[in-house]
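Once you've had a glance at the structure underneath, I'll fire off some questions.
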Amino acid sequence: MIKERINSLRSLMKRDGFDIYVVPTSDYHNSEYVGVYFKCREFLSGFTGSNGTLVVTDDGAYLWTDGRYFLQAAEELKGSDIELMKMLEEGVPTITEFLTDNLKSGSVLGFDGRVFSVGEGLDFEEVVKKTGASIRFDIDLCAEVWTDRPALSAQPVFVLDTKYTGRAASEKLADIRKEMAEAGCTHHIVTSLDDIAWILNMRGADVDCNPVFLSYLLIGKDDAILFVNPDIVTAAKSHLDSLGIRLMPYNDIYTNIGKLPADAKVMIDKNRLNYALYSTLSSHCETYITANPSTLMKSKKNETERENLRETNIIDGVAMVRFLRWLDENIGKTRITEVSAAKQLERFRAEGRGYKGLSFDTISGYNAHGAIIHYEPTEATDIEVEPHGLLLVDSGAQYLGGTTDITRTIAVGPLTDEMKHHYTMVLRGHLALAAAIFKEGCSGANLDILARAPFWDEYEDYNHGTGHGVGFFLNVHEGPQSFHWNSGRRSTLTKLEDGMVITDEPGIYIEGKYGVRIENDLLCVKDKKSEYGQFMRFEALTLCPIDLRPVNFDELTAKEFRTLKAYHDMVVEKLSPHLEPADREWLLNAVKM
Ligand code: ZN
């Protein structure tokens, strides 16, 4: 079946004169998660992982993916004639290197410019310049091969009340127009779905786990156009009218921006815009490249959002406590698997006020599966959680009052000394970062060492960032801030500001044995001002006990002990009034130290 699909693609390539055709994993908005309509690479290759790029030539087909997916891809590509290209492995060319080697003078490189970012498109331009080839990016060949392709998602949107958002959409538009005016811009194109949802105080359901809706927003000096399927915005019609926003069909943006006046100066975010839009735009008017103003604005939660987040984390914490107690009382007695545990947690969460679904697919990994960083149990991989070792559960939900993201690693029975030592190491890193007091102006790169020091002291590490920004009833991963030691990454150099939410999630992964990660969401707030300037600190938003059974208390410093104790005191104080007596009793017992 896959062979036939690749062959049909090849005959279309021949018809249109393409020598190489590239299919990535993306939508028109550079989204992290994509809807079913956009799963072209999966359809053509059979590979279901979340990251991969397919390159088809006249006599070969190649799939690039990263280390998380080598095993899965090898399995899924069997019998397809598609060659697996292991990213970052020695001797494996990058896609750009491969294209450089395989394009000749006169050849044509084809792709759908709507599903590549500006940066990727510009890389391709470099390659064709070097090789004497040319680019054609206005055809989606997959659309012709995929005859029963699902329709574009068209879920209805709704307006999120200012009692949740704390700021009217009209005020947000005014803030953005102020920044446009300062930069001398006449227009601003917003294509990132979470930015559009935030600016307009609207939410949708076109992407799993992300409450966004498919659209593009063109903001002018005093008018604006939302390019969207008109059927999905009926509930927001008067809201949009009051903002002076006109509606046009979703795909009309491509022809519409071609008609912008020649003296227009358009503010764009190169990292969020797709290549097709960028090419059309930059060929006939001036562009001003910067980060979308809304990206920084939405990262700094206002007082209303903060209050909602505090309340939401109580609701989420109650569900977590019920889940942890359920696990404690049933492990070894009833059959519990990774999947059944995740489903039970989802059931508890779904009973919470304002619940709107999960914020990502739950990672529930028992022992060796816990060592696979992005492991999501499926029916095929699911295993029983036995009464020994560690269960890692990374989960979160969407509520009207905010988004949550929490990881707990739970001792489901006896542990080895190595497990306890590593668990304590992760806990120490987590606590040190959570307790940080730092000068205003620090970035995530400055503070990352606090979480990593207990690891580096023993020449160990984890191959992921220590934390990411979290949206407000929006995407669970949102910029611009993050924690990572490597200051070469743009997001780690973003200054941490009052109101930003960021996760604190160090971990350790022992292949074939177990994984440990502990994650809370932190709110960055102003602390005291002294003669040395303004100091900052974090307020823990997540309210859920950290399992103490695996902790080697003699390895904790006095400060780490105090931080842990103070955190648990707060959890008890805030959750107790909302817990059933039996859950409260369980909690009090769980935090005894
Ligand atoms: Zn996270």
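Can you name the residue in segment 412-429 that is assigned to a loop (DSSP other than H, G, I, E, B) and of a type in the set (A, V, I, L, M) and, of all such residues, is farthest from the ligand (Cβ to nearest atom)?
In the first step, residues of segment 412-429 are kept if they are assigned to a loop (DSSP other than H, G, I, E, B); the result is 412-416.
From the residues that got through so far, the ones that are of a type in the set (A, V, I, L, M) too are 412, 415.
On the way: V412: 22, L415: 24 Å.
Out of the qualifying residues, it is L415.
Does Y567 count as out of contact with any helix residue (DSSP H, G or I) (no Cβ under 9 Å at 6 or more places or on another chain) and among the hydroxyl-bearing types (S, T, Y)? Talk me through it step by step, then tell me what you get.
On the way: out of contact with any helix residue (DSSP H, G or I) (no Cβ under 9 Å at 6 or more places or on another chain): no; among the hydroxyl-bearing types (S, T, Y): yes.
Against the criterion (out of contact with any helix residue (DSSP H, G or I) (no Cβ under 9 Å at 6 or more places or on another chain) and among the hydroxyl-bearing types (S, T, Y)), Y567 does not qualify.
Is at least one residue of segment 351-364 more than 17 Å from L543 (Cα to Cα), aliphatic (A, V, I, L, M) and crowded, with 21+ Cβ neighbours inside 10 Å?
Yes, segment 351-364 contains a residue that is more than 17 Å from L543 (Cα to Cα), aliphatic (A, V, I, L, M) and crowded, with 21+ Cβ neighbours inside 10 Å.
Can you name every residue in segment 117-139 that is modelled with pLDDT of 95 or more, not hydroxyl-bearing (S, T, Y) and not in a helix (DSSP H, G or I)?
G132, A133, I135, R136, F137
Table: residues versus (1) part of a helix (DSSP H, G or I); (2) over 25 Å from A276 (Cα atoms).
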residue	(1), (2)
E42	yes, no
D59	no, yes
R68	yes, yes
L71	yes, yes
S80	no, yes
L88	no, yes
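Quick one: which of A235, A262 is open to solvent by 70 Å² or more (accessible area, probe 1.4 Å) and touching a Cys at 6+ places or on another chain (Cβ under 7 Å)?
Values: A235 fails: touching a Cys at 6+ places or on another chain (Cβ under 7 Å).
Just a single option satisfies the conditions, and that option is A262.
On the given criteria, is S491 part of a helix (DSSP H, G or I), closer than 30 Å to L160 by Cα and in contact with a strand residue (DSSP E or B) (Cβ under 6 Å, 6 or more places away or on another chain)? Talk me through it step by step, then tell me what you get.
On the way: part of a helix (DSSP H, G or I): yes; closer than 30 Å to L160 by Cα: yes; in contact with a strand residue (DSSP E or B) (Cβ under 6 Å, 6 or more places away or on another chain): yes.
Judged against the criteria, S491 is a match.
Related question: Which residue is farthest from the ligand (Cβ to nearest atom), if the candidates are limited to segment 460-483 and must be of a type in the set (F, W, Y) and either in contact with a His (Cβ under 8 Å, 6 or more places away or on another chain) or closer than 21 Å to I518 by Cβ (or both)?
First pass over segment 460-483, keeping only residues of a type in the set (F, W, Y): 462, 472-473, 483.
Checking which are either in contact with a His (Cβ under 8 Å, 6 or more places away or on another chain) or closer than 21 Å to I518 by Cβ (or both) leaves us with 462, 483.
Values: Y462: 13, F483: 11 Å.
This residue is Y462.
Taking only pairs six or more apart or across chains, which ones have beta-carbon atoms under 7 Å, a first residue in segment 166-184 that is over 27 Å from E286 (Cα atoms) and open to solvent by less than 50 Å² (accessible area, probe 1.4 Å), and a second residue that is part of a helix (DSSP H, G or I) and of a type in the set (V, I, T)?
Every condition considered, the pairs that remain are G166/T304; A168/T162; A169/I199.
Given the criterion in a helix (DSSP H, G or I), of a type in the set (G, A, S) and within 16 Å of the ligand (Cβ to nearest atom), identify the matching residue among A432, A451, A445.
Values: A432 fails: within 16 Å of the ligand (Cβ to nearest atom); A445 fails: within 16 Å of the ligand (Cβ to nearest atom).
Residue meeting the stated conditions: A451.
Still on this model: Report every pair of residues separated by at least 6 positions or lying on different chains whose Cβ atoms are under 6 Å apart, first residue within segment 394-409 and within 16 Å of G365 (Cβ to Cβ) and free of Cβ contacts under 8 Å to residues at least 12 places away in the same chain, second open to solvent by less than 10 Å² (accessible area, probe 1.4 Å) and more than 13 Å from the ligand (Cβ to nearest atom).
none
Hey, does segment 506-528 have a residue that's farther than 22 Å from I449 by Cα, modelled with pLDDT of 95 or more and surrounded by 14 or more Cβ atoms within 10 Å (Cβ to Cβ)?
Of the residues in segment 506-528, the ones farther than 22 Å from I449 by Cα are 511-514, 528.
When the remaining residues are screened for being modelled with pLDDT of 95 or more, the result is 513-514, 528.
This time we only want the ones that are surrounded by 14 or more Cβ atoms within 10 Å (Cβ to Cβ), so: 513-514.
Yes, some residue in segment 506-528 is farther than 22 Å from I449 by Cα, modelled with pLDDT of 95 or more and surrounded by 14 or more Cβ atoms within 10 Å (Cβ to Cβ).
Here's a follow-up. So, in segment 365-411, exactly how many residues are part of a loop (DSSP other than H, G, I, E, B), away from the ligand (no atom under 16 Å from the Cβ) and open to solvent by 10 Å² or more (accessible area, probe 1.4 Å)? Before the answer, list the steps.
Here is the first cut: in segment 365-411, the ones part of a loop (DSSP other than H, G, I, E, B) are 372-383, 385-389, 396, 400-401, 404-405.
Still in the list and also away from the ligand (no atom under 16 Å from the Cβ): 377-383, 385-389, 400-401.
Next, only the ones that are open to solvent by 10 Å² or more (accessible area, probe 1.4 Å) stay: 377-383, 386-388, 400.
So the count comes out to 11.
Which numbered condition trips up Q72, out of (1) among the polar types (S, T, N, Q); (2) closer than 29 Å to R15 by Cα; (3) surrounded by 14 or more Cβ atoms within 10 Å (Cβ to Cβ)?
Among (1) among the polar types (S, T, N, Q); (2) closer than 29 Å to R15 by Cα; (3) surrounded by 14 or more Cβ atoms within 10 Å (Cβ to Cβ), Q72 violates only (2).
Could you count how many residues in segment 511-548 are within 15 Å of the ligand (Cβ to nearest atom), out of contact with any Gly (no Cβ under 9 Å at 6 or more places or on another chain) and under 13 Å from T407 (Cα atoms)?
Counting residues in segment 511-548 that are within 15 Å of the ligand (Cβ to nearest atom), out of contact with any Gly (no Cβ under 9 Å at 6 or more places or on another chain) and under 13 Å from T407 (Cα atoms) gives 1.
Run down I508, I502 and say which single residue is over 22 Å from E32 (Cβ atoms), within 16 Å of the ligand (Cβ to nearest atom) and not charged (D, E, K, R).
Working: I502 fails: over 22 Å from E32 (Cβ atoms).
Every option except I508 fails the conditions.
Working only within segment 486-499, note down all residues that are surrounded by fewer than 19 Cβ atoms within 10 Å (Cβ to Cβ) and more than 15 Å from the ligand (Cβ to nearest atom). Break it down into steps so the answer makes sense when it comes.
Within segment 486-499, the subset surrounded by fewer than 19 Cβ atoms within 10 Å (Cβ to Cβ) is 486-491, 493, 495, 497-499.
Once the filter is applied, which keeps residues that are surrounded by fewer than 19 Cβ atoms within 10 Å (Cβ to Cβ) and more than 15 Å from the ligand (Cβ to nearest atom), segment 486-499 yields N486, S487, G488, R489, R490, L493, K495, E497, D498, G499.
Within the set of pairs 6 or more residues apart or between chains, which connect a residue that is within 19 Å of G317 (Cβ to Cβ) and surrounded by 15 or more Cβ atoms within 10 Å (Cβ to Cβ) inside segment 541-554 to a residue that is at pLDDT below 95 and not small (G, A, S) with Cβ atoms less than 7 Å apart?
Qualifying pairs under 7 Å: L548/M593.
The values are calculated or read from the model by the stated rules, or taken from the named source; none is laboratory data. The structure presented is a predicted model; accordingly, all values stated were derived computationally and were not measured. We place every Cβ from the backbone using ideal geometry, glycine too, and count neighbours over all the protein chains shown. These accessible areas exclude ligands, DNA and RNA; they are computed on the full protein's heavy atoms, side chains included. Shrake-Rupley method; radii C 1.70, N 1.55, O 1.52, S 1.80 Å.
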